[in-house]
1. How about the stretch A:36-59: which of its residues are at pLDDT below 85 and within 28 Å of the chain's Cα centre (by Cα)?
2. Restricting attention to the stretch B:164-191, which residues are without any contact (Cβ under 8 Å) to a residue 40 or more places away in the chain and either surrounded by fewer than 20 Cβ atoms within 10 Å (Cβ to Cβ) or not assigned by TED's automatic domain parsing to the domain that holds residue B:222 (or both)?
3. Would you point out the residue of the stretch A:188-229, among those that are farther than 25 Å from residue A:86 by Cα and more than 19 Å from the chain's Cα centre (by Cα), that is nearest to the other protein chains (Cβ to nearest Cβ)?
4. Just for the stretch B:86-128: of the residues that are more than 15 Å from the chain's Cα centre (by Cα) and part of a helix (DSSP H, G or I), which one is surrounded by the most Cβ atoms within 10 Å (Cβ to Cβ)?
5. Would you confirm whether any residue within the stretch B:48-65 is crowded, with 20+ Cβ neighbours inside 10 Å, under 20 Å from the mean Cα position of the chain (by Cα) and at pLDDT below 95?
6. Just to check your reading of the model, which residue among A:119, A:68 is at pLDDT 95 or above, within 14 Å of chain B (Cβ to nearest Cβ) and not in a loop (DSSP other than H, G, I, E, B)?
7. So residue B:278 ticks every box in (1) modelled with pLDDT of 95 or more; (2) part of a helix (DSSP H, G or I); (3) under 21 Å from residue B:181 (Cβ atoms) but one. Which box is left unticked?
8. Go over the candidates B:309, B:316 one by one and state the one that is assigned to a loop (DSSP other than H, G, I, E, B) and surrounded by 15 or more Cβ atoms within 10 Å (Cβ to Cβ).
């Protein structure tokens, strides 16, 4: 108790500075969210949760959401790891150029980027027309208005979330360890695989968690690129709120989504910590 | 306390008492502006040129427009008492639902004169039918040249003679009716809908529908981009695309016509001025101006004479078009809408 008081005195200015944003969050974020979530137990029972967890429609949509989030995280990792590595070893000039390319779309509205994908991926879009003209395909590929389109759009939006954590960890890796490994007889590939990669795993886990968790709640991209046939949970919540006015069920679904996201984030943290103790 | 201060306080108290005792006076006090919420886009400009400009001129109150119509937002506004809109557009099923849930102000017949409206629309107590619109079939006229054009829903379902990807709205509304007509049901004997038969017929077209659209803008764009070659859309959307030179034809035969509703949220602080806005919207001349821009006609029976003859073939209410269409049965949809939407959500994502 006294330690806490001492701490309070010492941290006085910090606490004072933190109070305003904290109040801001409490008032404008936590309170409304809590209010919304309280709808889920209106009537004093868990009927909405029961429906959300047992109704075939919601189960199917949850599974589809998990599947897409997993695929998106995996593709982001496969693309993001080499990209982060390239940026980490590049000369300052090339690193700057690389980041500019990575960040430029990051600063563009998701909506604009999603529409851009519609122009590129459409049946009559740039990509299909080029491939048709080159005679590589004789039927347009179905790249839009299906799961493929949603995944392409989401990977594009979420890739920076994978690259930045990995990059920042890679920059901190001591390069002399690689030289040491090679000095001890490891081939460059072995040194990369057995020294460098394990050291960058914290970044990989952080990036994967970010991408996966953000994917779970994605709305604009699946709504626009899914053609109505790809139903992710965010789209379903929006329909419940706006179209069906079933806020109780919407709140229950939102809580389950929140719990799943927190649970998965905690699990990945666990994995990460476990991995660190192995090394 | 000085005398002047006391007098001032007394004045304030008196003013407060008056405001409390005479709510009517408080209600009619002129606000600087009112917000009218509608679909946005080209419609917003047309609403301004026709009704909003006239309203501003008549009453000296600025009209601010916002979009889109949103049932969730309407309910949030009314339940929290923080009502931003004086008037909002809603599709008529939503409007009926909102009325049922007590979210709407009644229309004041002393202000809003609908005596020149069709009799069935005069009786709507909380819903003002501002316009009519149709969901029509549209197609690329470069893919389907003259003589090889789809004209019926049976043609829309006929993927052998009319091949190519199709788009339909992501909603059971209209689509159940289209399916039944395609299956041979008389367009004038649709209701009550044979739901099982409709979904069974929809199963047949499902693999050929590559996009289930959700917004009006999307529906026309899909044909413009050649993403699909056949589709459905609200008539004004195709009209706008055709005006821009897109190679699109629309087909009035067997199209579904329905009401577009404007309503006043329950407890709207400028309800009196909202009623005045609806009153402006009954003006046949202004309805004519509006229809000339977006091809959505007003329902005042005198409006036709103020509509450009060149525009008239594009209006759902034009006599040649009207006789070939069917009117949506609002009551059936209000009663069954929720069940149908739920069933649709499952059907559309089922493999």
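1. A:36, A:37
2. B:183, B:184, B:185, B:186, B:189
3. Looking at residues that are farther than 25 Å from residue A:86 by Cα and more than 19 Å from the chain's Cα centre (by Cα), I get A:228.
4. My answer is B:99.
5. Checking the stretch B:48-65: not a single residue is crowded, with 20+ Cβ neighbours inside 10 Å, under 20 Å from the mean Cα position of the chain (by Cα) and at pLDDT below 95.
6. The conditions single out A:68.
7. Against the list (1) modelled with pLDDT of 95 or more; (2) part of a helix (DSSP H, G or I); (3) under 21 Å from residue B:181 (Cβ atoms), residue B:278 comes up short only on (3).
8. None of the others qualify; the one that does is B:316.
The values are calculated or read from the model by the stated rules, or taken from the named source; none is laboratory data. Just so it is clear, the model here is predicted, and its values are computed rather than measured. For neighbour counting, all protein chains shown are included, and Cβ atoms are generated from backbone atoms with ideal geometry for every residue, glycine included.
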